[in-house]
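Only one structure is covered here, and it is reproduced in the block below.
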Amino acid sequence: MDRIGFVGLGRMGRPMASNLQRKGFDLVVYDINRAPCDALAELGATVADSVAGVAREAPTIFTCLPSHVEVEAVLLGAEGLIAHAKPGTTVVEMSTIDPEVTDRCAQGLAAAGMHCVDAPIGRLASHADAGESLFMVGAEEAEFRAIRPMLEAMGTSIHHCGPVGTGIRTKLVNNYLAITLCQANAEALALTRRFGLDLERTLEVLHGTTATNGQLKINYATKVLTGDIAPGFQIDLAHKDLSLVTQAANASRVPMPVAAAARECLSLARARGWGGYDFSALLDALCESAGIEQVRFSAADGAD
């Protein structure tokens with residue numbers, strides 16, 4: 001079996017790489033932080049001393065990085081993948097970045113005789129831990145077939161969205177809805193509290209009409225309404241993604257006033273110190289701003 005490279009072992013990358021290694025794939029990994037590299041080494045992975053070291057050893061390389069700055073450095077930089085990988089190498093880029101950066105990286109890889117796949121991740125860090133991630137894949141058919149077994153080792157839902165670049169664009173559409181719904185739900189439930197309505201009865205009504213949505217029915221019910229605001233997807237990351245959405249929409253001349261307004265709501269939450277919490281904590285941030293008691297299920301209530 002050919003060795004697989006993995007660059008970027010953060011909160012999402014480390015569990016995904018771990019699942020690959022546990023399920024029989026032979027990995028060579030690199031991250032600027034040593035601790036996750038050591039954790040992968042304990043599972044049997046080889047640790048490279050640089051991105052170039054990964055590039056020289058693996059014909060398929062996954063990257064999972066914080067922003068376009070790291071992506072461009074890892075792929076296009078002097079010590080990056082294009083400079084050191086062999087022609088024919090496939091790079092699977094899983095970061096959530098500006099689609100124009102994805103296009104630029106794909107063009108650079110193609111010019112070097114390499115293949116690019118963009119496969120941004122859906123769902124939360126807890127899903128990555130469990131090997132239950134969702135992937136939105138932009139790739140030519142041959143590359144998609146080649147990497148599918150690897151994606152199946154890391155996730156349970158794999159969507160081939162079209163050619164390179166469609167994966168990240170699909171991710172931005174998805175996250176636009178998920179994040180703006182999260183803000184809308186925060187406002188609705190804060191208003192529920194201010195009106196003095198019973199939370200459980202109000203949710204029963206909402207879940208029985210077209211007002212219901214997955215953020216309200218699943219994420220809120222298992223996170224903020226139970227008092228759990230530990231980050232599965234941070235407000236800071238949601239803010240970053242909405243910034244990417246508005247930027248990409250502006251470049252495409254698509255007006256998105258709701259996205260712009262929701263982004264500024266997240267800006268307000270971040271300014272008040274809520275950036276590191278789960279994005280369902282937008283409810284708590286809004287209640288704090290309005291001087292409203294936190295909205296929680298009572299001891300007698302449940303999430304159903």
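Values quoted throughout were computed directly from the atomic coordinates according to the rules given, and no laboratory measurement underlies them. Keep in mind it's a predicted model, so treat the numbers as computed, not measured. Note that we place each Cβ from the backbone using ideal geometry, even for glycine, and neighbour counts take in every protein chain shown.
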*Between Leu76, Leu65, Leu282, find the one with the highest GNM mean-square fluctuation for the chain; connect C-alpha pairs within less than 10 Å.*
Leu76
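With runs of 4+ DSSP H residues as the only contributors, calculate the mean residue ellipticity of the chain at 222 nm using -39,500 (n - 2.57) per run, divided by the residue total and rounded to the nearest 500.
Computed mean residue ellipticity for the chain: -15500 deg cm²/dmol.
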*Between Arg3 and Ala271, what length comes free when the chain is fully extended (0.36 nm per residue of separation minus the Cα-Cα distance, one decimal in nm)?*
92.1 nm
*Residues in the stretch 175-197 near a label at Ser298, defined as backbone nitrogen under 19 Å from the 7 Å Cα→Cβ point?*
189-197
*Residue (of Ser289, Thr209, Thr226) at the positive-pole extreme of the chain, dipole from beta-carbon charges*: Thr209
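With +1 on each Lys and Arg Cβ and -1 on each Asp and Glu Cβ, how big is the dipole of the chain about its Cα centre, in debye rounded to the nearest 20?
Roughly 240 debye, rounded to the nearest 20.
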*Looking at the chain, what % of its DSSP beta bridges pair antiparallel, to the nearest 5?*
15 percent
